[in-house]
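Take a look at the structure below.
The values are calculated or read from the model by the stated rules, or taken from the named source; none is laboratory data. It should be emphasised that the depicted structure is a prediction, and the values quoted were computed from it without experimental measurement. Methodologically, a virtual Cβ is constructed for each residue, glycine included, from the backbone with ideal geometry; neighbour enumeration extends over all protein chains shown. Only protein heavy atoms, including side chains, enter the accessible area calculation; ligands, DNA and RNA are left aside. Shrake-Rupley method; radii C 1.70, N 1.55, O 1.52, S 1.80 Å.
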2 protein chains.
Amino acid sequence: MTIDYQLIIQELNPITIIQEAEKIKQLSLDYYYFSPILEPKLKEKTADLVVIPTTEEEVLKIAQICVKYKIPLTVRGAGTGNYGQCIPLNGGIVLDMSELRKIKWIKSGIACVEAGIKMSVLERETKKQGWELRMIPSTYKIATLGGFIGGGSGGIGSINYGQLKDRGNLHRVRVVTLENEPRIIELRGDETRQINHAYGTNGIITELEIPLAPSYNWVDVIVTFQDFISALKFGQDLADSDGINKKLISIHAKPISNYFTSLKSYLPNGEDCALLMIEENSLFALEDLVKEYQGEITYRQDLDLKSNFNLIEFTWNHTTFHARNIDANITYLQTFFFSLEKVEEMYNYFGDEVMMHIEFLRVGGKAIPAGLQLVKYTNETRLNEIIKYHEDNGAFIANPHTYILEDGGRKIIEPEQLNFKKKVDPYGLINQGKMRSWDIDN
Amino acid sequence: MTIDYQLIIQELNPITIIQEAEKIKQLSLDYYYFSPILEPKLKEKTADLVVIPTTEEEVLKIAQICVKYKIPLTVRGAGTGNYGQCIPLNGGIVLDMSELRKIKWIKSGIACVEAGIKMSVLERETKKQGWELRMIPSTYKIATLGGFIGGGSGGIGSINYGQLKDRGNLHRVRVVTLENEPRIIELRGDETRQINHAYGTNGIITELEIPLAPSYNWVDVIVTFQDFISALKFGQDLADSDGINKKLISIHAKPISNYFTSLKSYLPNGEDCALLMIEENSLFALEDLVKEYQGEITYRQDLDLKSNFNLIEFTWNHTTFHARNIDANITYLQTFFFSLEKVEEMYNYFGDEVMMHIEFLRVGGKAIPAGLQLVKYTNETRLNEIIKYHEDNGAFIANPHTYILEDGGRKIIEPEQLNFKKKVDPYGLINQGKMRSWDIDN
């Protein structure tokens, strides 16, 4: 059945619609090109229409039309994902959520917002009440909260609060379904697991209620070390130092800091380094710890008031972004190491082909080193060899070179997510081709 | 050389002095009688004089007089210790710090106070600015901050911030020395390790600067379980749930809650239970977790506004206090278990002779179960057998049945503490008989 988009456009009236091919293409893509494997597979993908609702009622109307005409629907936040989470594989409608961005309320440590709100905008408001977001991605300036919940897993702050999926980090969501008669359902507490990190394959998140963290005076700090292993051990020790408040522990092996051109004055020789966010009151304790690992603090935001960069934007996947600006052949991996020994083993084994970039975060109460290693890409066979070597040797890879949920970090879809999709998206219209277990069942 | 106390009293003028034998005796003791081993050894110990300074200058003057006449000096906070930390073994002067209690300042997450301030009084003030103490003992209503640093190790809040000795938990102290010419020295950051948990054997702490924690709305919660192992596993899971804010996880095996007479309505059958402090905004997530372990919430402070108890005062060593009110034959242990399996092993091995009481706290970044087990005391030989069995089977006992630093939690004195004592107390006047390595050296 061919879809008559002229008819659809009439039915959608008065909802804002983008029809210019160039603009549609732009709003159909994300940072998929970080992966040389995804790049050829996704670069031609594009929606037929982009629709920009401003209210939940409009989202409901769009859902009704999609069900009526069986139109594929792909939800988009700011498009800051890296594996095509929001790229429509079969055309149809891209639902751009960025105008659904109201703050409903903020009170005593909880915020209730519409899904398309930018995290930086939300945080500007929560800070007025002494609160901040528990965790943010390095793209928080433009990324939307709904997109982070749907396509992200953690970020800056995960060293304190673990991952987005951890119990307690998401209070409540409102979801618009694509049932025969689309409706709004609410999920609370554990029920929200049904939609967490599902790339929006099982419902349209319209509203979120999240717990906040107390707002601290964080200070950006750069520390250099004599070798990578010292930097790594320092990172773990800082992560485990219960008396020191921190929000970011990002460790980079030697060649990487050469890619940080605007940090050149603090990393003149591409040193092994740690990029940190430390609470103002914990800086004296940090100094004692740095001394223990023979490190040197080359930058402290509070002492260098002329600096005008944001250290966050050199960490997590922004590291990859900066490296690719210098050398477009660079790609990356996502790895859970579970022990420093495993990091060291891989560091020694691969040398400069896989440049070690570690972010510390909490998993089940313990701080572990997670890799966002930079890979000098040669070809797909070699990349898969590198991935296999990691997996064969006890490191867990959340493969960023696939847009299939099961092939990425999850390995299997939790039955509750598949069952939820069966219920809310019986025609399989939302974000087609991303959940393999659905496709196998249907 | 006999000390002429009439002369001393004249020299001390106008500092407040207690001379009544009964009052002196009272101010010479602590909760040492929790231990049937310490009870006969310490019950007759008493100072010759109690001196109550109100300023640091008066402390300095007292130090000068003690050095001049070589008078043993023992520093006392509120006397809430349990192993005779502040009991004078050789008479002399007890220095009661409770009137040295000014708040110097509180600002952006740091408090600077005199050592004798009661923790509850300090926290009442910090809360006005949105801050609370990082950790407190169950005796915080009367205990002094200086006493906690000198004689304590952690408490409620240690599940977040680890132990008092952990880097970052103590910014700065001022210490009056007992050198030939007593003076005031300042220690910062790592330097404060020289005085931490040294029972006041190496200098008189007069002022402290401590970092605070953001103040949350904590809710007291009681949860009962079908068996102890479920309660224990629940405790570890809660401790490791990075998305749930908590301040207290206190787990009690079956016979223990029978001793909590004023909690009878919530624990009618002496159930295996968890006593918790949970942030208001994390209560929904707690409910999900409780369900997972088939527990039942029998009390929530926010839903039972008539209750007038403070759950803190049934945890840590207050548990022992309540048990002893019912059965004075009960004493206790202090144990680091490091794994749940070890707790279970000891729980099964000892049965009701050693009733399992667990407090979860962070050690080096990981939440571990620490035991404050209640022991049905028969005789010293059997108590030592019980301790030996733990140690032989991989549990670490911080023996509470000794007043010697090395025989308690430390095993050895860190050289920096011994060296610091040599420097600041060359005549060995302060808290004599508590640091064995000093006595051996002298």
Within segment A:52-199, the percent of DSSP beta bridges that are antiparallel, given to the nearest 5, stands at 75
Honestly segment B:96-145 on the Cα gyration tensor test (a ≥ b ≥ c root eigenvalues; a/c under 1.5 rounded, otherwise a/b vs b/c for prolate or oblate) is just oblate
Computed ³J(HN,Hα) along segment A:54-64: with the Karplus parameters 6.51/-1.76/1.60, θ = phi - 60°, integer Hz and x for glycine or proline, the list is 10, 9, 5, 4, 5, 4, 4, 5, 4, 4, 4
Other residues with Cβ under 12 Å from the Cβ of residue B:281 give, with Lys and Arg +1 and Asp and Glu -1, a net charge of 0
Note on the protein assembly as shown, DSSP bridge orientation, antiparallel percent to nearest 5 equals 90
Residue A:257 neighbourhood, Cβ < 10 Å, K/R = +1, D/E = -1, net charge 0
The rounded separation in angstrom of the Cα centers of segment A:58-84 and segment A:135-178 is 19
Here the FRET efficiency for residue A:6 versus residue A:329, based on Cβ atoms and R0 = 41 Å and rounded to 0.05, is 0.40
Given backbone amide H placed at 1.01 Å from N, residues whose amide H is under 5 Å from that of residue A:332, ignoring those fewer than 5 places away on the same chain, are A:375
For chain A the translational diffusion coefficient, Stokes-Einstein from a Kirkwood Rh over Cα pairs at 37 °C and viscosity 0.692 mPa s, in µm²/s, is roughly 146
Expressed in nanometres to one decimal, the distance between label points 7 Å along Cα→Cβ at residue B:68 and residue B:90 is 2.1
Counting only protein heavy atoms and leaving out ligands, DNA and RNA, the solvent-accessible surface of residue B:105 at a 1.4 Å probe, in Å² to the nearest 10, equals 80
With the convex hull built on the alpha-carbon atoms of segment B:218-397, volume per residue in Å³ sits at 103
Scoring only Lys, Arg, Asp and Glu (+1, +1, -1, -1) among other residues with Cβ under 14 Å from the Cβ of residue A:151 yields +3
Heavy-atom accessible area of residue A:108, protein chains in place, probe 1.4 angstrom, given in Å² to nearest 10, is 70
Per principal axis, largest first, the Cα atoms of segment A:345-442 extend in Å by 49, 37, 20
Binned at 20 Å from zero, the C-alpha pair distances of the protein assembly as shown give percents of 14, 41, 32, 12, 2, 0
Dividing the surface of the Cα convex hull of segment A:116-219 by four yields a projected area in nm² of 6.5
Counting only protein heavy atoms and leaving out ligands, DNA and RNA, the solvent-accessible surface of residue B:97 at a 1.4 Å probe, in Å² to the nearest 10, equals 10
With all protein chains present and a 1.4 Å probe, the order of B:199, B:377 from largest accessible area down is B:377, B:199
When A and B pair up, the total accessible heavy-atom area removed from solvent (1.4 Å probe), in Å² to nearest 100, is 2800
Taking a straight Cα-to-Cα line shorter than 16 Å from residue A:141, and setting aside same-chain aspartates and glutamates fewer than 8 residues away, one finds A:30, A:99, A:123, A:125, A:132, A:313
